[in-house]
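Below is one structure; the comments refer to it alone.
The values are calculated or read from the model by the stated rules, or taken from the named source; none is laboratory data. Given the structure is predicted, the values throughout are model-derived calculations rather than measurements. FYI the Cβ positions are ideal-geometry reconstructions off the backbone, even for glycines, and counts take in every protein chain you see. Heads up: the accessible areas ignore ligands, DNA and RNA and are worked out on the full protein's heavy atoms, side chains in. Shrake-Rupley method; radii C 1.70, N 1.55, O 1.52, S 1.80 Å.
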Amino acid sequence: MALVGSLAFSALLLALLTYRLISLCNKMGVFKEVDQIEPGSCHLIEGINYGSEDITVLPGGLALVSSGLKYPHIHSFAPDKPGQILLVNLNEPVLRAIELRLSRGFDVDSFNPHGISTYIHKDNTVYLFVVNHPQHTSTVEIFKFEEEQNSLTHLKTIRHELLHSVNDIVALGPDSFYATNDHYFSHDSLTFVELTLDLYWCNVIYYSPAEVKEVATGFNFANGINLSPDGKHVFVADVMDQSIHVMQVNPNKTLTRVKVLNVGTGVDNIEVDSKTGDVWVGCHPVAWKLISYNPEKPALSEVIRVQNILSNEPKVTQVYVNNGSVLQGSSVATVYEDKLLIGTIFHKAVYCELRDRGIHF
């Protein structure tokens, strides 16, 4: 009887492990095939060679870009080069990036920028929030953008035990924000355990000088985060669950899950069109190629657009797909007038001229 019980337990364990392996392969896009899509004439943005992980566009057409991210298990073309914040003027006929100078006293050598967000004060001061990973930790850096000097003045470094594995951020005021933690465990060796056991323990944190607290949980791998134009909803991307969570903002800043939209691809950063409310997402359709870098079989890039996300019938459209021959590992997408900008974790960035095909977003 003991032998029979042991065999039954072994068979059950094997079946469970097989199920988990197949589920993980599906989430990582191991069996997925995609067709290439180009919405118009697309061109590389000059001066971006080591990543453009997150992009945010100011109302006048200036795009701020985080570049040079070093992230565990993800390839880097410049592992010894500090990260940068780049500036691209989208009103120019040919787009090129320039590096913004950082104010004295800030530790440039350990700068490792990840997600970014801006807050524009009523006096037109532009605050740039940057998720930073110096020495494998997580901080949030707040800068003031000095447009005329092409520089960033460092104002504050925020550290907190609840902000232990920050991925992305959305600014709510000059010193308050929501942030996603993409892992529950702080130790890198335990991240594989999270993926294998399919834990939904990641969360969203609200930070202000007066209060810091967890405001939402239940994410497999919380990634991009952004606000609806009216500020009443927050959108959270779960890259491993291939879904976008729509959360209602409560008066006490906690978030209530309204619905979960499965989009069938690995969603990364989220940008929201302030005019239409459309949600734009840089995606990883075959995510396993990100953590198993092979220049012969590079990571793919994909952009999706979600229209009417708050309605009962949101529309999800593939706008851009590339097999890695032009763009590897897309992480963000945003539109400005007739241009679609697409950034990557560690590679280049492109812009597509949507008017070439009569496409207007």
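Quick rundown of the values:
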read-out	value
Option label - Rg and Dmax of the Cα atoms in Å computed here, alternatives (i) 20.9, 60; (ii) 19.4, 60; (iii) 20.3, 80	(iii)
FRET efficiency for ALA78 and SER208, using Cβ-Cβ distance with R0 set to 45 Å, rounded to 0.05	0.80
Estimated vicinal HN-Hα couplings, Hz - the stretch 278-292 in sequence order (Karplus 6.51, -1.76, 1.60; Gly, Pro = x)	4, 9, 10, 9, x, 10, 10, x, 10, 5, 5, 6, 6, 9, 9
5 angstrom amide H check on VAL319, placed H, neighbours 5+ away	VAL303, ILE304, ARG305
Label zone at VAL34 (point 7 Å along Cα-to-Cβ), backbone N below 17 Å, the stretch 258-274	262-271
The chain: most fluctuating residue of HIS233, HIS43, HIS160 per GNM, C-alpha cutoff 10 Å	HIS160
Entries in LYS122/LYS275; LYS213/LYS275; LYS232/LYS253 that, when Cα-Cα distance is taken, lie over 22 Å	LYS213/LYS275
Mean-position separation - Cα centroids, the stretch 262-311 and the stretch 43-60, in angstrom	16
GNM top mover of PRO113, PRO93, PRO79 - the chain, alpha-carbon springs below 10 Å	PRO93
Modelled FRET efficiency - R0 25 Å, GLN307 with ASP198, Cβ distances, 0.05 increments	0.25
Under 5 Å, built H, 5+ apart or other chain: amide partners of LEU172	PHE177, TYR178
In order through the stretch 111-123: 3J(HN,Hα) via Karplus (6.51 cos²θ - 1.76 cosθ + 1.60), integer Hz, x for Gly, Pro	5, 9, x, 10, x, 9, 7, 10, 10, 9, 6, 5, 8
Estimated 222 nm signal from helices in the chain, with DSSP H stretches of n ≥ 4 weighted -39500 (n - 2.57), rounded to 500	-3000 deg cm²/dmol
Residue with peak Gaussian network fluctuation, the chain [Cα springs, cutoff 10 Å], from SER243, SER76, SER292	SER292
Cross-link pairs beyond the 28 Å C-alpha cut-off, checked among LYS144/LYS339; LYS70/LYS144; LYS70/LYS289; LYS156/LYS339	LYS156/LYS339
Residues of the chain: accessible area per residue with a 1.4 Å probe, Å²	46
Between helix 2-27 and the chain: long-axis angle, C-alpha atoms, 0 to 90°, nearest 10	20
Relative contact order of the stretch 35-353, defined on C-alpha pairs under 8 angstrom at six or more residues apart (%)	17
Theoretical gain in end-to-end length, ASN252 to GLU337 [0.36 nm per residue, Cα-Cα removed]	27.0 nm
Virtual spin-label span in nm between ASN124 and VAL108, 7 Å along Cα→Cβ	2.8
